[in-house]
Amino acid sequence: MSAGTPPRDFLGYGARPPHPHWPGEARIAVSLVLNYEEGGEACVLEGDDHSESVLTDLGAVEPLPGVRNLNVESLFEYGSRVGFREILRVLGNAGAPATVYAVGLALERNPEAAAAIAASGLEVACHGQRWIDYQFVAEDIERAHMARNIESITRLIGRAPVGWYTGRPSPNTRRLVVESGAFLYDSDAYNDDLPYWTQVAGKRHLVIPYSFDNNDSRLQRGGDFSTGEQFFSYCRDAFDWLYRKGTQGEPRMMSVGLHGRIIGRPGRIGALARLIEHMQRHPGVWLCDRASIAQHWRAHHA
């Protein structure tokens, strides 16, 4: 890299992506991700200086300085009270593996939910101790939050996390992940359809990219989806295209992001069930958690 070149990679694998050789020579690896965040969002009851304003059914709302937003709090509570259980039920009925991105404080606020997630046997990865933007959080505070997130999951789920995803990371996040030595991978990237290695603080580190496009947050984030059917159609088309590439000898990975307070609603949850059914009708589909992808990549593409 020449002097003055920004530390960004615009090439990736370029015209020569590796053949992933997924288990059983699957044509596609599909990672379903349940984000468990409710209780970790911004709230003055937690000492924050404003209310939450992101990913609510109210659309674009302004954070209220110094006071609670009871509507937002109630909408988030639906995810922890009802929605996440609907998603767990759909996953369980389909026998579909998945990864839970778990916010530490959210688990601490609802031990019964943590027990249900633990009993599901799903992989549980760290999603930050709080569901906040860490962009301007001091490094020592972020490091302490990371340690507490690891401790909370290990204590409440009964097994140590091996994956990390902040969602709104700081410039220090990936380095702190690597320095902790606790993780096989992180997913704070959206720039590829395959895992890849990168160098962080002189160490090789595995990145398993995530997805904002195959994500139910689009039902709230930008308003470009308004129904579960639109979510289903988009994700189905993404799956079909990537599956076709797999039949042509170029297997890829697909991530799908889910939230209890969003896709867990009665008018939307059927779309998730239909999506999983569509995927399972195709031969050569590896439905898996992200830890399994990391272990496979480390074993076959080290």
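Read the figures in this text as sums done on the coordinates, not as results from a lab. In this text, all values refer to a predicted model and were calculated from it rather than measured experimentally. Methodologically, a virtual Cβ is constructed for each residue, glycine included, from the backbone with ideal geometry; neighbour enumeration extends over all protein chains shown.
What does the C-alpha gyration tensor say about the overall shape of segment 159-302? Classify as rounded when a/c is under 1.5, otherwise prolate if a/b is larger than b/c, or oblate. Verdict is oblate for segment 159-302.
Where only DSSP H runs of four or more residues are counted, the chain gives -11000 deg cm²/dmol as its mean residue ellipticity at 222 nm, each run worth -39500 (n - 2.57).
If I take R0 = 51 Å and measure r between the Cβ atoms of residue 11 and residue 60 in this structure, what FRET efficiency does the formula 1/(1 + (r/R0)^6) give, to the nearest 0.05? After rounding to 0.05, the efficiency reads 0.90. For the pair residue 299 and residue 141, a Förster radius of 30 Å applied to the C-beta separation gives a FRET efficiency near 0.25, rounded to the nearest 0.05.
For segment 24-84, the square roots a ≥ b ≥ c of the C-alpha gyration tensor eigenvalues yield an a/c of 1.5 or more together with a/b exceeding b/c, which makes the shape prolate. Within a Cβ distance under 14 Å of residue 281, other residues only, what is the Lys/Arg minus Asp/Glu net charge? Combined, the nearby Lys, Arg, Asp and Glu give +1. Sort segment 224-302 into rounded, prolate or oblate with this rule: let a ≥ b ≥ c be the square roots of the eigenvalues of the Cα gyration tensor; rounded if a/c is under 1.5, and if a/c is not under 1.5, prolate when a/b is larger than b/c, oblate otherwise. Prolate shape, in that a/c is at least 1.5 and a/b is the bigger ratio. Under the combined filter of DSSP loop state and at most 16 neighbouring Cβ atoms within 10 Å, segment 108-138 retains none of its GluC sites (Glu not before Pro).
Nearest 5 percent is fine: what portion of the DSSP beta bridges confined to the chain is antiparallel? Expressed as a percentage, antiparallel bridges in the chain total about 20.
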